[in-house]
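Here's the structure we're looking at; comments come further down.
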Amino acid sequence: MRLKTYIVQNMTEAIPMIKRDLGADAMILNTKKIKTGGFLGFFKKEKLEVIAAVESQQAEQKTPAKEKKPASLPLKKKEPIEETAFAEKAPKQNQDKANVDMINELKNIKKVMMQVIGEDRLPEALKPLNRRFHQQEIASEIQSDLYAKLILAIGDQPKATEKEIEDLARIEILNLVKEHQRMPIDKDPDIICFIGPTGVGKTTTIAKIAADLMLREDKKVGLITSDTYRIAAVEQLKTYASILNIPVQVAESSADVLKAIRELDGCDIILMDTAGRNYQQKQYIDDLEAMLPDKNKIQINLVLSLTSKYEDMRKIIDNFQTIQMDQLLLTKKDETSSAGAILNLIYHYSIPIRHIANGQNVPDDILTVTPELIANFVLGEDENG
């Protein structure tokens, strides 16, 4: 890793220098105000010390300052990470402690950049994007992370168009998703349990997935419902089972669940609905955990609604940590114009998001999640705004 310290008047002066010396992939590690010059301790001038860094390999690949850039490329465009749809974070085995510490410092860039620059002092070219990010309710630390990358990218190109800024933002969002999101489970397990709070649409989502497994993958699907707290929930799942012509079992206890699994032994895959409760209370989580079959043999999908407050979503996920969720499913995208929670969840938790439901129609209104889909949602390029 290559480090460089700059003594400047302000960040506006520092950014072009960092980009010139270290390239567009450079990260700002720290900034602090210092006093320089003066006479006998008096009349010192306040300056800004900025420490920036770049991975050694990236520094070596940086375009030399004397090399002319093609006129047709006014911005330094960074390509998305060349990996599969989602990438697992895997630090290099030979990375020493100093580099690990440095990477941790890099994560503080979001805080540093907004302290130094502040939203009111963002480059004019980023203001439309700033408004969009606020509308999407993207977490402030994610915004800061993206702004820092974009400021380095546009550097001395203050006349970048809104389209060019959006293209750069798309690349950075794709990279952020690929960096933080774990790979979804490709192979369907024998049993998938759907858990989540009241009213998020678990039962309808299960029907969509069941239909998709039958129609697209030619799977023999069985259903179990343990949501006996609501008669309507049992009847709803039975109705879907009748329409799809698939078997369904009702379970009121953990013993009933095991019996239902045996009854559905001929199925390729079993989808299990569970009761929607106030899972901000630990008692209900304990009750749910006691109802689940052997957790080593099942996949657990937490279903959350995008109409929920993000802080409520975080609290539910934190409370469910003892159950070790495998994937997230997000519902009701069609009922909200905000998609920031999707990016926030990926950034904060790295739990794979497999599907997003965007309507009531079975089986059509469900989407398979990709980094491109998330970027489209965040930048407002989807049918639901």
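Of note:
- Asp294 of a type in the set (Asp, Glu) and closer than 26 Å to Leu176 by Cα: no
- Entry remark, segment 151-171: residues being buried (at least 20 other Cβ atoms within 10 Å of the Cβ) and modelled with pLDDT of 85 or more number 3 in total.
- Screening Ala357 against (1) over 21 Å from Met214 (Cα atoms); (2) in contact with a Lys or Arg (Cβ under 7 Å, 6 or more places away or on another chain) leaves a single unmet condition, (1).
- Test for Ala207: is it buried (at least 22 other Cβ atoms within 10 Å of the Cβ), in a helix (DSSP H, G or I) and in the same structural domain as Leu328 (by TED's automatic domain parsing): yes
- Pair list, Cβ < 6 Å and 6+ apart or interchain, from segment 261-286 residues that are more than 28 Å from Asp212 (Cα to Cα) to residues that are β-branched (Val, Ile, Thr): Tyr279/Ile285; Tyr279/Ile316
- Note on segment 233-256: among residues that are of a type in the set (A, V, I, L, M) and in a loop (DSSP other than H, G, I, E, B), the one that is nearest to Arg277 (Cα to Cα) is Ala251.
- Residue match in segment 295-304 (condition: buried (at least 18 other Cβ atoms within 10 Å of the Cβ) and either outside the structural domain of Ile224 (by TED's automatic domain parsing) or of a type in the set (S, T, N, Q) (or both)): yes
- Any hit, segment 221-228, residues being out of contact with any Gly (no Cβ under 8 Å at 6 or more places or on another chain), surrounded by fewer than 16 Cβ atoms within 10 Å (Cβ to Cβ), of a type outside the set (A, V, I, L, M) and in contact (Cβ under 8 Å) with a residue 12 or more places away in the chain: yes
- Taking first residues from segment 1-19 that are assigned to a strand (DSSP E or B) and partners that are β-branched (Val, Ile, Thr), the Cβ contacts under 6 Å between residues at least 6 apart in sequence or on separate chains come to Arg2/Val54; Thr5/Ile51; Tyr6/Val50.
- Residues of segment 328-358 satisfying the condition of being over 17 Å from Thr274 (Cβ atoms), polar (S, T, N, Q) and either at pLDDT 95 or above or surrounded by 19 or more Cβ atoms within 10 Å (Cβ to Cβ) (or both): Asn344, Asn358
- Boolean, Met291 is surrounded by 14 or more Cβ atoms within 10 Å (Cβ to Cβ), more than 17 Å from Pro363 (Cα to Cα) and either touching a residue at least 24 places away in the same chain (Cβ under 8 Å) or of a type in the set (Ser, Thr, Tyr) (or both): yes
- Any hit, segment 318-327, residues being over 18 Å from His180 (Cβ atoms) and surrounded by 16 or more Cβ atoms within 10 Å (Cβ to Cβ): yes
The values are calculated or read from the model by the stated rules, or taken from the named source; none is laboratory data. As the structure is a computational prediction, the values presented were derived from the model and not from experiment. Using ideal geometry, Cβ is built from the backbone for each residue, glycine included, and neighbour counts are taken over all protein chains shown.
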